[in-house]
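Student: There's a structure below that I have some questions on.
Readers should treat all values here as calculations from the given coordinates under stated rules, not as data from a laboratory. Since this is a predicted model, take the numbers as computed values, not measurements. Cβ coordinates were reconstructed from backbone atoms using ideal geometry, including for glycine residues, and neighbour counts include every protein chain displayed.
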Amino acid sequence: MLALESERLGADLPLLPLFDEEGSAVRERYAPMHRLLAEDDELFLMAQGFRLAAKRLRHEHRNCYFCYLTGLTREVRTARKLGALAMASKQNWSFWTLLGQTVISETSLLYLRWLGWRHAAGINVAARVVRECLDFLLAGQRFRLATT
């Protein structure tokens, strides 16, 4: 299945070939991630006197964040495999390109995990930081996120 998909995609994947020119389909799918670690809802509930509900909401938001991160990780790794297959099928293999993509994407994914762990430790995470990391990961890759 991966071989057929890589043949369909071809070896010369452009710099930002997500699903459309701006990658909005992928960005929209993972847009809630930056909001899930924000503390606005939690602070509102605490101000209303619902400390236990705020704690539960924080935990649920973090669980949802990690579910999104699991899907994103799977999608990025599948895209890298497809890119490697496309390169191999066209005899256009470049170890250094694949290594660069792997390092950048895995570092970004690790950083996103670290932000989730910080949230679990009770350290506030700015939504801006998550959004910037997602933008870097989705815009800076040379592979196509191929799942829908």
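Student: Can you tell me the dipole magnitude for the range 44-106 around its Cα centre, using point charges on the Cβ only (Lys, Arg +1; Asp, Glu -1), in Debye to the nearest 20?
Tutor: Around 220 debye, computed over the range 44-106.
Student: Using 0.36 nm per residue of separation minus the Cα-Cα distance, give me the extension gain between residue 57 and residue 92 in nm, one decimal.
Tutor: Full-extension gain reported as 7.7 nm.
Student: Considering every pair of different Cα atoms, what Kirkwood radius, in Å, is found for the range 41-148?
Tutor: Value: 15.8 Å, from the Cα pair sum.
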